[in-house]
1. Of all residues in segment 1-34, how many are part of a loop (DSSP other than H, G, I, E, B) and either surrounded by fewer than 11 Cβ atoms within 10 Å (Cβ to Cβ) or modelled with pLDDT of 95 or more (or both)?
2. Which residue, of LEU10, LEU34, is within 20 Å of GLY66 (Cβ to Cβ) and among the aliphatic types (A, V, I, L, M)?
3. Where the second residue is basic (Lys, Arg) and part of a helix (DSSP H, G or I) and the first is farther than 15 Å from ALA9 by Cα and lies in segment 40-60, which pairs have Cβ atoms under 9 Å and are six or more apart or on separate chains?
4. Can you confirm whether ALA49 is exposed (fewer than 15 other Cβ atoms within 10 Å of the Cβ) and among the small types (Gly, Ala, Ser)?
5. Check whether at least one residue in segment 48-67 is at pLDDT below 90, in a helix (DSSP H, G or I) and within 24 Å of ALA3 (Cα to Cα), and report yes or no.
6. Please identify the pairs in which a residue from segment 14-28 that is touching a residue at least 24 places away in the same chain (Cβ under 8 Å) and of a type in the set (Gly, Ala, Ser) has its Cβ atom under 8 Å from the Cβ atom of a residue that is surrounded by 11 or more Cβ atoms within 10 Å (Cβ to Cβ) and part of a helix (DSSP H, G or I), counting only partners at least 6 apart or on another chain.
Amino acid sequence: MGAPSLERALFAIAGSVTLVSVALAVFLNPWLLLITAFVGANQLLFAAAGDCPMSLVLRRACGLKGAGR
């Protein structure tokens, strides 16, 4: 089956972090929604520029390749 594509891994990580941050905001502190905003900003960055901090980490540390590369 092989390693997942970079985009698939990014979606999984972004979705997980978003859900966890919303749960933390509900139960602990609404300011934790800033984590959700940070995830959204990085998704926009990836869509506009083709890279975000997590994509760079996944490429270097895990050797993942994008679907178009």
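The values are calculated or read from the model by the stated rules, or taken from the named source; none is laboratory data. Keep in mind it's a predicted model, so treat the numbers as computed, not measured. Reconstructed Cβ throughout: ideal geometry from the backbone, glycine too, with neighbour counts over all protein chains shown.
1. The first filter runs over segment 1-34 and keeps only residues part of a loop (DSSP other than H, G, I, E, B), leaving 1-5, 28-29.
From the residues that got through so far, the ones that are either surrounded by fewer than 11 Cβ atoms within 10 Å (Cβ to Cβ) or modelled with pLDDT of 95 or more (or both) too are 1-2, 28-29.
Selection size over segment 1-34: 4.
2. Details: LEU34 fails: within 20 Å of GLY66 (Cβ to Cβ).
After ruling out the rest, the residue left standing is LEU10.
3. Correct list of pairs: empty, since none qualify.
4. Against the criterion (exposed (fewer than 15 other Cβ atoms within 10 Å of the Cβ) and among the small types (Gly, Ala, Ser)), ALA49 qualifies.
5. Yes, the conditions are met somewhere in segment 48-67.
6. Here the result reads ALA14/VAL39; ALA14/ASN42; ALA14/GLN43; ALA14/MET54, each pair linking segment 14-28 to a residue that is surrounded by 11 or more Cβ atoms within 10 Å (Cβ to Cβ) and part of a helix (DSSP H, G or I).
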